[in-house]
Amino acid sequence: MIKFQPVSGNSSVVEHDLAKVGVASSNLVSRSILLLLLTLSFLNATQKIILKDTYCSDDTTKITASFFTKNKNNDFFILNLPKSRSSFSVSSLQIISKFKENNISFKDMSNGIVTFKKCYDPIAFGDVKKLILKKFQEKYPSLKIKQISLSSTSPINFDLSGYKVKDIDLRENNYRNSQGVLSVIYRKKFKLKRIYLRYEILGTILVFKAKYNLRNGKILKNNDYVTTKIKFDVLPLNVLTADLNKKYIIRGYIRKGTILTSNDIRVKKSVLKNDSIQAILKDENLIIEEEAHVLSDANIGDVVKIRTLKGKILKAKILSPKSAIIIE
């Protein structure tokens with residue numbers, strides 16, 4: 001005899017288990033949908049674009065969303081640019097409407113008009129940097145340049161392909177500042193193009209600072225100043241950066257800690273005012289020597305006035321730091 005066991009109890013257990021699975025599956029789906037919505041909301045929130053009034057389009061004619069957002073995943077068509085136009089303007093509403101259709105928010109900073117310009121980046125920034133480095137280090141041998149940054153002051157609306165850097169135009173004020181604007185001349189056969197670049201230089205330079213208060217007329221000695229490395233930022237006019245290998249005299253009054261410039265010193269001449277010398281007078285076979293004082297600073301070979309001990313003023317040519325020959 002075959003007996004059959006009732007399965008009603010087990011059936012309820014199975015149904016109960018299936019119900020639990022159904023609830024779990026339902027919750028899982030709900031959570032997935034919620035997560036997807038949150039992700040989409042986050043992406044849309046992070047894609048808030050600031051619309052500017054001017055854009056460089058290079059040779060691009062088809063403008064899509066990624067032109068503004070840099071996001072290739074959610075790309076869509078915006079507008080076409082005419083090939084023959086170097087500059088093309090449209091209403092900002094034409095662009096914003098496309099993004100609103102895709103739930104991407106915009107902040108319009110264009111004042112209602114957006115202009116697309118065909119811009120070209122210079123191909124020889126490296127050559128420009130080399131020229132800047134060369135010219136600045138010719139001016140300041142102790143200048144150590146770590147970095148040169150360049151950017152165009154405005155969109156470059158012509159193609160520089162095939163052009164080479166001919167020269168850069170640096171004014172005196174450029175050499176005193178670590179940042180500013182310079183012009184670059186590009187050449188292609190007989191054609192010349194000029195563009196303006198904004199530059200910034202990071203580097204250090206050696207300068208000389210007064211160690212003490214220095215008074216007018218003092219002969220500058222090695223222990224009167226210190227050599228200091230400073231950031232190349234804004235330098236005083238006519239700053240001294242070369243070695244002080246000549247004999248200098250202080251001009252005016254210099255306070256302690258002042259960066260020395262060529263305006264603060266003058267080169268010490270061979271003979272200084274009021275120095276005592278032997279003045280030689282030659283008259284045929286007769287040679288007369290007389291002590292005199294020089295009335296102004298002079299170098300060897302200069303003709304200056306001298307005053308004898310008797311008070312007579314004569315002209316004499318300096319022969320050495322200690323002698324001169326009377327010429328009248």
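The values are calculated or read from the model by the stated rules, or taken from the named source; none is laboratory data. From a predicted model like this one, the values you see are computed outputs, not experimental measurements. Because the Cβ atoms are built from the backbone with ideal geometry, glycine has one as well, and the counts that use them run over all protein chains shown. To get the accessible areas, we keep the full protein, side chains included, count just its heavy atoms, and leave off ligands, DNA and RNA. Shrake-Rupley method; radii C 1.70, N 1.55, O 1.52, S 1.80 Å.
When segment 96-114 is filtered for residues that are touching a helix residue (DSSP H, G or I) at 6+ places or on another chain (Cβ under 9 Å) and β-branched (Val, Ile, Thr), the ones remaining, listed by number, are Ile104, Ile113, Val114. Counting only residues that are free of Cβ contacts under 8 Å to residues at least 60 places away in the same chain and within 24 Å of Ser57 (Cβ to Cβ), segment 153-190 holds 10 of them. Of the residues in segment 92-99, none is among the aliphatic types (A, V, I, L, M), farther than 17 Å from Ser57 by Cα and within 36 Å of the chain's Cα centre (by Cα).
Looking across segment 209-221, the residues that are of a type in the set (A, V, I, L, M, F, W, C) and surrounded by 14 or more Cβ atoms within 10 Å (Cβ to Cβ) come down to Ala210, Leu214, Leu220. In the set Lys282, Lys247, only one residue is under 14 Å from Ala324 (Cα atoms) and out of contact with any helix residue (DSSP H, G or I) (no Cβ under 7 Å at 6 or more places or on another chain); that residue is Lys282.
Residues in segment 98-107 that are assigned to a strand (DSSP E or B) and open to solvent by 50 Å² or more (accessible area, probe 1.4 Å): Lys107 only. Restricting attention to segment 238-288, which residues are open to solvent by 90 Å² or more (accessible area, probe 1.4 Å), in contact (Cβ under 8 Å) with a residue 12 or more places away in the chain and outside any strand (DSSP E or B)? Within segment 238-288, Lys246, Lys247, Arg251, Tyr253, Arg255, Lys256, Lys273, Asn274 qualify. Among the residues making up segment 108-119, those that are assigned to a loop (DSSP other than H, G, I, E, B) and either under 30 Å from Val207 (Cβ atoms) or open to solvent by less than 50 Å² (accessible area, probe 1.4 Å) (or both) are Ser110, Gly112, Lys118, Cys119.
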